[in-house]
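Since the structure comes first, as structure tokens, the remarks are kept for the end.
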Amino acid sequence: MNCLNQYCDADEIEKDDNFCYKCGHWTAKGYSFIRNKENVENILNGAAVKKEDNFSVMVSVASLAFISFFMISIIRGNDLYKPFFYLKRKANGYIYGYNVSILNTNNSYSNKIVNSYDEALNLIIEDLDNQSWKCSHKIETSQYEYEIQNKTSIPIVSFCDASDNVSKKIIGVIEEMYNLFPNISGALTNISITNASTNKEYIARFQPMFQFVNANEDITKYNKVNKTQILLNSYYFLNEDIMNEPISSVVGSGWYVNDATWESTIAHELGHYISFTMFLRQNNLNNITFVTEENEEKINNVMNDFDTGEFSLSIIYKALENYNNKYNLNLNIEDFALTISKYAGVKDKNGNLIADETIAEAIHDYYLHKENMKNSSYEIIQIIKQKL
């Protein structure tokens, strides 16, 4: 079949084609179809075009779109998806009524082959690094994280979505604490902003052991990895309007040591970490990060002993003795702790002093006031520095 356009030199046209493939003019079949009034509705629905061509065009367009998207994904990488996570952050803020972290710090993994301490650390670093592209923070914040990691040997520090102002405040606390206690590196794996299970569960939290890799696997087949971390509640650290209020508006007056701020609570949590570090070293351990068949039992025993609180209590009793002798007093341990702050004197459900909180608040006091700290805090700090 030929084209009806006398000037068209198209080769043989398939007999079921309505239009010429070269010039677009109708063929004899197409002309007959168009002249038939009964086919008007079909023409309006596109029946005058060859169906096989429609399908081919759709396949071609779809293939081109896929190839284009694939190439853009390679060139742009994860940046291509950043607008999605920006919208997700905004949606979460609307849903919860405050900013939340886009990162998941509760990831855990199974059936992972881990052969060394360095490999264990790399898994911890990769877990947060692989999520960091979702964050909206500026280059300056990334630089703060990198600098404090180098200064303190903390493997990874993450302030995802924190403002420049808040990030600098956090960095200032960490840096000053490592200046005051320069021998505490080695056991802390990360400091991260996270979403607490409830918005007011804690401001900041020290977690001596989070079972990160192969927690439930047979130790004879898989080595394990633990994180020792400080977590910062996103409810506070990603919401500057809340942090602009005094911390006493949440915890009450006198709960923390005098002059406490939102960011200074990190010094309190580092105080818990310091207690933990002292106890590990007393038991000839530098950290509990990489768990093997050879050290698992020892690590479990050390953790159970630490949880009793006896180690921290022994430090407080020694500091109390030195304090009473120096000032010719006869304070009991509860009254001694309360000279620091209400939090320092907090008790457990059985009415016993939680000595680890007393130590953490003494360190908090030392961070804020240096040589002007409370005399009771001074006695505790002296023992800590001897043990470190």
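The values are calculated or read from the model by the stated rules, or taken from the named source; none is laboratory data. Note that the coordinates shown come from a computational prediction; the quantities given were computed from them, not determined experimentally. Cβ sites come from the backbone with ideal geometry, for glycine too, and all protein chains shown count toward neighbours. We work out accessible area using only protein heavy atoms, side chains counted, and drop any ligands, DNA or RNA first. Shrake-Rupley method; radii C 1.70, N 1.55, O 1.52, S 1.80 Å.
Tell me yes or no: at least one residue of segment 208-220 is in contact with a Leu (Cβ under 8 Å, 6 or more places away or on another chain), at pLDDT 95 or above and crowded, with 20+ Cβ neighbours inside 10 Å.
yes
Scanning segment 249-269 for residues that are farther than 17 Å from residue 175 by Cα and among the β-branched types (Val, Ile, Thr), which turns out surrounded by the fewest Cβ atoms within 10 Å (Cβ to Cβ)? Restricting to residues being farther than 17 Å from residue 175 by Cα and among the β-branched types (Val, Ile, Thr), the top hit is 250.
Of the residues making up segment 261-284, not a single one is out of contact with any Lys or Arg (no Cβ under 9 Å at 6 or more places or on another chain) and acidic (Asp, Glu). In the set (1) surrounded by fewer than 13 Cβ atoms within 10 Å (Cβ to Cβ); (2) touching a residue at least 60 places away in the same chain (Cβ under 8 Å), the condition left unmet by residue 118 is number (2). In the set 192, 197, only one residue is among the small types (Gly, Ala, Ser) and either open to solvent by 50 Å² or more (accessible area, probe 1.4 Å) or part of a loop (DSSP other than H, G, I, E, B) (or both); that residue is 197. The combined condition, being touching a residue at least 12 places away in the same chain (Cβ under 8 Å), more than 29 Å from the chain's Cα centre (by Cα), surrounded by fewer than 18 Cβ atoms within 10 Å (Cβ to Cβ) and over 30 Å from residue 220 (Cα atoms), is fulfilled by residue 322.
Yes or no, residue by residue, for (1) in a helix (DSSP H, G or I); (2) out of contact with any strand residue (DSSP E or B) (no Cβ under 6 Å at 6 or more places or on another chain):
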{"position": "255", "(1), (2)": "no, yes"}
{"position": "267", "(1), (2)": "yes, yes"}
{"position": "270", "(1), (2)": "yes, yes"}
{"position": "276", "(1), (2)": "yes, no"}
{"position": "286", "(1), (2)": "no, yes"}
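Condition (residue is touching an Asp or Glu at 6+ places or on another chain (Cβ under 8 Å) and hydroxyl-bearing (Ser, Thr, Tyr)) applied to segment 297-309: is it met by at least one residue?
Scanning segment 297-309 turns up no residue that is touching an Asp or Glu at 6+ places or on another chain (Cβ under 8 Å) and hydroxyl-bearing (Ser, Thr, Tyr).
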